[in-house]
1. Show me the trypsin sites (Lys or Arg not before Pro) within segment 100-209 that DSSP assigns to loop and that have at most 11 other Cβ atoms within 10 Å of their Cβ.
2. Let me know the whole percent of all Cα-Cα pairs from segment 91-133 that are separated by more than 17 Å.
3. Of LYS44/LYS77; LYS114/LYS146; LYS44/LYS413; LYS327/LYS402; LYS320/LYS414, which pairs sit farther than 21 Å apart, going by alpha carbon to alpha carbon?
4. Considering only C-alpha atoms, what is the centroid distance from segment 364-393 to segment 103-178, in Å?
5. Principal axis extents for the chain, Cα atoms only, whole Å, descending order, please.
6. Over segment 294-424, with a single point scatterer placed on each C-alpha, what log10 of the ratio I(q)/I(0) does the Debye formula yield at q = 0.10, 0.11, 0.15 1/Å?
7. In the chain, carbon and sulfur make up what percent of the accessible area (probe 1.4 Å)?
8. For segment 1-145, count all C-alpha to C-alpha pairs, find those more than 28 Å apart, and express that count as a whole percent of the total.
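The values are calculated or read from the model by the stated rules, or taken from the named source; none is laboratory data. Quick caveat, the model's predicted, so the values are computed rather than measured. No Cβ is skipped: glycine too gets one built from the backbone with ideal geometry, and neighbour counts run over all protein chains shown. Only protein heavy atoms, including side chains, enter the accessible area calculation; ligands, DNA and RNA are left aside. Shrake-Rupley method; radii C 1.70, N 1.55, O 1.52, S 1.80 Å.
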Amino acid sequence: RILNIFAHKTVLAPMVRVGTLPMRLLALDYGADIVYCEELIDIKMAQCERVVNDVLGTVDFVAPDERVMFRTCSEEKGRVVFQMGTADPERALVVAKLVENDVAAVDVNMGCPKEYSTKGGMGSALLSDPEKIESILSTLVKGISKPVTCKIRILPTLEDTVNLVKRIERTGVAAIAVHGRMREERPRHPVHCDYIQAVAESVSIPVIANGGSSDMVKTFEDMEKFRAAAGASSVMLARAAMWNPSIFRQQGALSVEEVMEDYIRYAVRYDNNPFNTKYCLCQMLRDRVESPFGKRLHAAQTNEEICEVFGMTDFYNKTKAELEARKAALQTNGDQSEQPKLEDDVITMPVRFERRDYPPQITPKMYLLEWSRKEKLDQPVYETEQRTQDRAFQSTVIIDNKKYRSALWEKSKKFAEQAAAIVCLRTLGLPEGRIGEEHSGLVNKRKRDDRKCAALDDNESCKEIFSDSQLSKPCKLHN
């Protein structure tokens, strides 16, 4: 383990709703050495599946509800630190093992005083429980191959603060980030550089000074002044970088207008959540958020509308066209490689059900059900098993005395059934309802009776899903 990767560095601090992929990449472009992601809660991350996104060129950690909780890419590999909120050693280790191959290090948040972090004993609540701190950090240090760090706030007395960081050092962590304020203090309170200095003098590992955005750091040169005043090895910036991440430029900061355009390019390129995009841009606007321009930005609901506000529509259209072309090429290649195979008496293909590839009210199971009705066959029957080692699911669908199954395991029973339906539909050469699928013939969708539901029940019928020509398509397996 290399312990000096945190020495003599400039660092983007972990910031909720700010430290997503576009901001991290922007900070690195401007000169930051290391970037932390926003704090992500262990319970939510433990439920995620690691998914390689070939269209965007990213690795996504996707929750059961299809939300991307953490997205990273090769451009930041070796420089991104994953920060988690946790109060449980075993759960922390599960999450750390999930992400360790895609990040440079894993950090435990022990400094955030906000309720969303402290509830459940996380964040700065851990400062009152040094035994739990030791347990979490020791478990992580022993359990993963990447460096482990933590970020703390100072305690009410200098002696207590120094004693705590000495205990933390003994766990084997690679570095400690110290926010020079106490739990109850806020940005309007001065940062206690003397505390950070005392910490740095008491341990042999790198100490990263944090908390100087208001008092001391307004330019690139100010970062070195803050580092020297705190006696620290490195400097971590939060709000100063949130307002203008080009503060990391040695040549001097750029205008906020130029920075916002650079940010938007990354947000579109990596399909960032539009509300997150808008939030970060509004932080950069600061007091101009109530200006006519700021109000236009605030009214935007999509990344496309945000681009319109900034006069970047041509860039948006070009980038989306490139991404769509890449997606189409990948689907074509995938269709060629995902040929059905007969294993024992089951037809298999290596496919997954990707919810984002289908309209909100459409699923492959619906298509298969309607086809079976039109063919006057018995309804499809799904048999699902769960694997003990990782609790993943695999489903087999039986229809017309034939069995179909995906060779890949899914995180949920519902997704496993959908994957099995996809195998059946693709083997038979039938449409499955994917977005952009030509001539699916889906018309006159039967409306639900005043029920607002995210997905249509698979047992509900659709009229005229298939044209007559689609009912007699031969099975790919026997071509």
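1. LYS114, ARG188
2. 40
3. Working: LYS44/LYS77 23 Å; LYS114/LYS146 28 Å; LYS44/LYS413 19 Å; LYS327/LYS402 31 Å; LYS320/LYS414 30 Å.
The answer is LYS44/LYS77; LYS114/LYS146; LYS327/LYS402; LYS320/LYS414.
4. What the calculation gives is 47 Å, centre to centre.
5. Projected onto the principal axes, the Cα atoms of the chain cover 80, 53, 41 Å.
6. -0.49, -0.56, -0.81
7. The value for the chain is 49 percent carbon and sulfur by accessible area.
8. Numbers: 1479 of 10440 pairs.
Of all Cα-Cα distances in segment 1-145, 14 percent exceed 28 Å.
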